[in-house]
1. Taking each pair of different alpha-carbon atoms in the stretch 126-274 once, compute 1/r for the pair, average those values, and report the inverse of that mean as the Kirkwood hydrodynamic radius in Å to one decimal.
2. Have a look at A30, T298, A227 and report the one farthest towards the positive end of the charge dipole of the chain, computed about the Cα centre with Cβ charges (Lys/Arg +1, Asp/Glu -1).
3. Given 0.36 nm per residue, what is the gain on full extension from N318 to K7 after removing their alpha carbon distance, in nm?
4. Can you give the charge dipole size of the chain about its Cα centre, rounded to the nearest 20 debye, using +1 on the beta carbon of Lys and Arg and -1 on the beta carbon of Asp and Glu?
5. Can you give the net charge of the other residues whose Cβ lies under 10 Å from the Cβ of G73, counting K and R as +1 and D and E as -1?
6. Can you tell me the length gained on complete extension of the stretch R297 to A27, counting 0.36 nm per residue apart and subtracting the Cα distance?
7. For the residues I74, I215, I174, I133, what sequence is obtained by ranking on other C-beta atoms within 10 Å, fewest first?
8. State to the nearest 20 debye the size of the charge dipole of the stretch 126-274 about its Cα centre, where the only charges are +1 on K and R beta carbons and -1 on D and E beta carbons.
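Taken together, the values in this text are just the output of simple stated rules run on the coordinates, not laboratory data. It should be emphasised that the depicted structure is a prediction, and the values quoted were computed from it without experimental measurement. FYI the Cβ positions are ideal-geometry reconstructions off the backbone, even for glycines, and counts take in every protein chain you see.
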Amino acid sequence: NQMILLKRRPVGMPTEADFELSERSTAGLADGEALVKTLYLSLDPYMRGIMDEKDSYLPPVKLGEAMRGHVVGIVVESRSATLVPGDHVHGMGGWQHYNVATAAGTWRKIDPALAPLPAWLGPLGLPGWTAYIGLMDLASPKPGETVVVSSAAGAVGTVAGQLARIAGCRVVGIAGGPDKCRYVVDEVGFDACVDYKAGNLIGDLAKATPDGIDINFENVGGAVLDAVWPRMNRYSRAVVSGLIAQYNQTAPSLGPDWSTLLRNRINVRGFIISDHVAEIPNAVRQVATLLREGKIRTRDDVVDGLDKASSAFIGMLNGKNFGKLMVRLAGA
Ligand code: NDP
């Protein structure tokens, strides 16, 4: 079983030398277990956190262990009553060709007729759950409100912004570079997008949000959050989904200006999707319907071959991915 291991813990931005391609045999199946062949492997920002020794909100990967990640695969052997060969499944596995799905694990059957396999790592997977629950359940968007979404061209951001549009809000994205901004407005349908790399983030954001900001869906932190924060309206809400600008930081950073939070009674809500497992089926149903009706549009960024996983992951931390990043393995 070919796999990619965590070889050493990165300091700052990970490098290829932190990963190692390795080959290990898989133990036989116990009762209740199934062998899953990986078709698609998701690459996600939280993986930077589990490369560190200290707990992020998830336990760290041990040195010499396979990197963890969500997988879409097909059951090829089974001693389970519920998973039979040929079933397509989604679950938490490793960066490897084969994973063992256990009864206690996170594996669930997926229906490729409802949406193509990559969608189960995008709008119907972790990014979609995060967008739907973070926006709809935790931020309660109302028609006419202004919603700002950072990392707007990304897997979570595109879905969050489109859900806000569907809820009748004016949606402003923040993304890196003119191509991503054009995509966010012209193809995904945001009302505006601010390129934070263009050099005038504060002024450009002010122009794009003349009535201030009612909901901030935060994916980035750092300078992007600093620019958003002073524009937050009275009774506005901020959901802090991620802080990718800080994931490779080696020194502590200055936080937002909390006096604005006090003055404008901003309700800030940090959340981790694993606390909301019971709401996931509803999120999948809602987003699947919107996908089928063509009301949500997403973009996949697919790289071929497990050996490309570590370089693609490092690329994502540098903004090189454009859409939901995943690895396609042989046979997908
Ligand atoms: P994306 O598809 O958005 O990919 C990551 C993007 O982050 C890059 O393409 C890049 O876009 C942007 N980025 C990287 N570094 C910086 C920086 N220094 N400043 C600004 N932007 C940067 O990934 P996801 O959609 O999967 O994840 C988005 C966020 O959601 C992450 O913060 C992630 O941790 C969070 N998340 C949270 C969950 C939860 O349970 N709370 C669950 C899942 C995701 P650009 O080119 O625009 O800079």
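1. 14.9
2. A227
3. Numbers: separation 311, 0.36 × 311 = 111.96 nm, distance 2.08 nm.
In short, 109.9 nm is gained.
4. 480
5. Working: positive: K37; negative: D87.
Neighbourhood net charge equals 0.
6. Net length gain for the segment: 93.1 nm.
7. Working: I74 18, I215 28, I174 31, I133 21.
Placing the least packed residue first, the sequence is I74, I133, I215, I174.
8. 320
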